[in-house]
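Reading through the structure tokens given below for one structure.
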Amino acid sequence: MKTNRIFIITILSLLTVTAWSQDMTSFNLNRIIFLNSDSEEKKLSIEVNDIYTNLKLSINATIQEGDLLIEIFDPKGVKHGNFSIACQLGGKKVTLGESKSGGLFDDNNMETVHGRILRIIKKPMIGNWVVKITPKNARGQVEILSDQLSNEDASK
Amino acid sequence: MLQSNIMKLPAQLSRGYLVSLILFYSFSIQVKSQAVISGQVNIDTGVWSPVVYLSLIGDFEDLNKMTNTMIIDKVALSSSGRFKFNISYLPEEDVLLRIHFSKKGDPPASLIIGGKDENHFFLIANRNSIITIQDTSNSEFIKGMQVNGYAPNNVLQKINEIAGYIDTTEFNGSPVKAELIHNAVYEKLRSIADTCTNPTASLYALYRSRYEDNFTPNQQYYQNYLLKWKNNDSKYLKSFRKKIGESATSKKSTRYLSNIAFLIAGFLFCLLVVKAGRKKANPIYDLSQQERKVFALILEGKSNKEISSVLSISLSTVKSHINSIYSKLGISSRKEMLNNNIDNKFNISDNTQ
């Protein structure tokens with residue numbers, strides 16, 4: 001009984017290690033940051049080491065209130081992209097203006113602004129890449145997807 | 001009869017003249033109101049909303065900014081993908097505009113940068129522009145938009161092609177090589193900015209060249225650039241002048257502050273060095289406060305007992321201090337202390353208090 005348990009644990013461990021080592025060929029990061037009238041600057045670090053050849057960064061942000069600035073920096077602090085979105089109505093419902101689909105406001109008469117940036121960096125600099133999120137009384141969410149592909153996956 | 005006809009001639013001529021005048025002005029108004037941006041796009045209406053949005057870029061800093069208030073107009077696409085904006089309300093001078101489409105599910109104010117879903121492009125227009133947009137894309141929706149009818153937009157497209165080279169090119173070399181290629185692209189864009197005759201297109205090239213990363217080592221280039229456009233009062237150039245001025249001023253201030261800080265640090269360092277030097281040359285600094293007092297009294301010729309009385313300490317304490325003084329000053333007797341021109345050697349005059 002004891003031998004059987006040890007055998008099962010060993011097999012499971014081997015399977016886990018194998019699965020993990022396969023995942024090492026591509027490194028995914030998926031973070032969602034919720035903002036609730038937030039004004040605090042946030043920095044997300046994405047470590048790049050020398051086994052990866054492509055860094056794919058996708059940042060998706062939607063706000064119903066406030067301002068938001070998104071910037072991408074390499075390990076040397078050089079900017080590799082940015083966008084900013086802003087709402088003007090302070091999160092209030094719209095009573096005038098258009099509210100139909102295709103109008104400037106969503107179906108709930110709320111002002112919503114959306115921004116997305118996609119950057120594919122080939123042979124990225126080794127080190128910590130930084131996604132800097134600078135909200136100003138922002139309410140909404142930011143989704144950060146990062147994918148790093150090895151030599152083998154990049155050539156497929 | 002002939003005479004009556006001749007009499008009618010001035011009236012007929014006047015009427016004719018009036019009609020011509022009316023026709024001429026009507027034609028003029030019509031020509032003015034024909035300032036349009038029109039085009040036809042092939043979009044997948046299953047993915048994209050069939051609406052085209054037109055935004056005014058008030059400042060080049062807002063190239064990558066999206067707000068609802070930037071959107072100045074929107075039109076629905078026809079079933080054949082056609083659209084038309086009347087832009088006769090634009091000012092006489094060129095403005096930078098942005099056309100964008102929103103994906104279904106995204107709000108109207110939606111900006112997507114990079115990738116196959118990039119949803120916007122820029123163009124330059126004024127109240128007299130007649131612009132047509134042709135969608136020549138096969139696979140990449142926005143990248144295939146051709147803007148025709150107003151020459152500065154040809155420059156814009158060239159700038160976009162060059163700037164886009166960085167994203168599309170395959171680098172087989174090292175990151176150092178990639179950086180060299182990036183620098184070459186930005187240099188090309190700055191060259192376009194330098195030689196372009198349209199100020200808005202020129203400034204667009206400069207912004208796409210990431211001028212902020214290049215400003216400090218090339219301030220002369222930017223000063224010359226502003227000189228070139230010194231007679232141009234466009235709001236874009238005014239804003240850029242202010243930014244360059246602020247960058248130069250803030251960098252100047254930083255430089256002055258750092259210089260002052262270095263001067264102060266250097267001065268303090270010299271003081272420390274001199275003091276340390278003096279300290280080294282003058283072993284009197286090694287003596288404690290009490291030892292210096294004992295030392296000074298010895299130089300006055302006082303005996304141990306007198307020193308004990310003056311300083312109100314015991315005789316044994318005086319002797320202990322004297323031994324310590326001998327050791328620190330590298331001497332072995334009172335005589336040596338007095339004979340070796342002590343005052344000059346040890347410079348005690350300021351150190352006995």
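The values are calculated or read from the model by the stated rules, or taken from the named source; none is laboratory data. None of these values were measured; they are calculated from a predicted model. Glycine gets a Cβ as well: all are built from the backbone with ideal geometry, and neighbour counts include every protein chain shown.
Could you list all residues from region B:234-246 that are surrounded by fewer than 12 Cβ atoms within 10 Å (Cβ to Cβ) and either among the acidic types (Asp, Glu) or outside any helix (DSSP H, G or I) (or both)? Listed by number, the list holds a single entry, B:246. Taking every residue in region B:199-213 that is on the phi > 0 side of the Ramachandran plot and pairing it with any residue that is assigned to a loop (DSSP other than H, G, I, E, B), at least 6 positions away or on another chain, the pairs with Cβ-Cβ distances below 9 Å are B:210/A:78.
Residue check: residue B:194 meets all listed conditions (1) crowded, with 17+ Cβ neighbours inside 10 Å; (2) closer than 22 Å to residue B:222 by Cα; (3) at pLDDT 90 or above but one, namely (1). Taking region A:36-92 as the region of interest, the strands (runs of 3 or more DSSP E) fully inside it that hold 1 or more residues being at pLDDT 90 or above and at the interface with chain B (Cβ under 9 Å from one of its Cβ atoms) are A:52-73, A:79-86. In region B:98-118, the condition of being at pLDDT 95 or above, closer than 25 Å to residue A:72 by Cα and more than 14 Å from chain A (Cβ to nearest Cβ) is met by at least one residue. Residue pairs whose Cβ atoms lie under 9 Å apart, sitting 6 or more positions apart in sequence or on different chains, and linking a residue in region B:137-154 that is assigned to a loop (DSSP other than H, G, I, E, B) and at pLDDT 90 or above to a partner that is of a type outside the set (A, V, I, L, M, F, W, C) and buried (at least 19 other Cβ atoms within 10 Å of the Cβ), are B:149/B:129; B:150/B:94; B:150/B:129.
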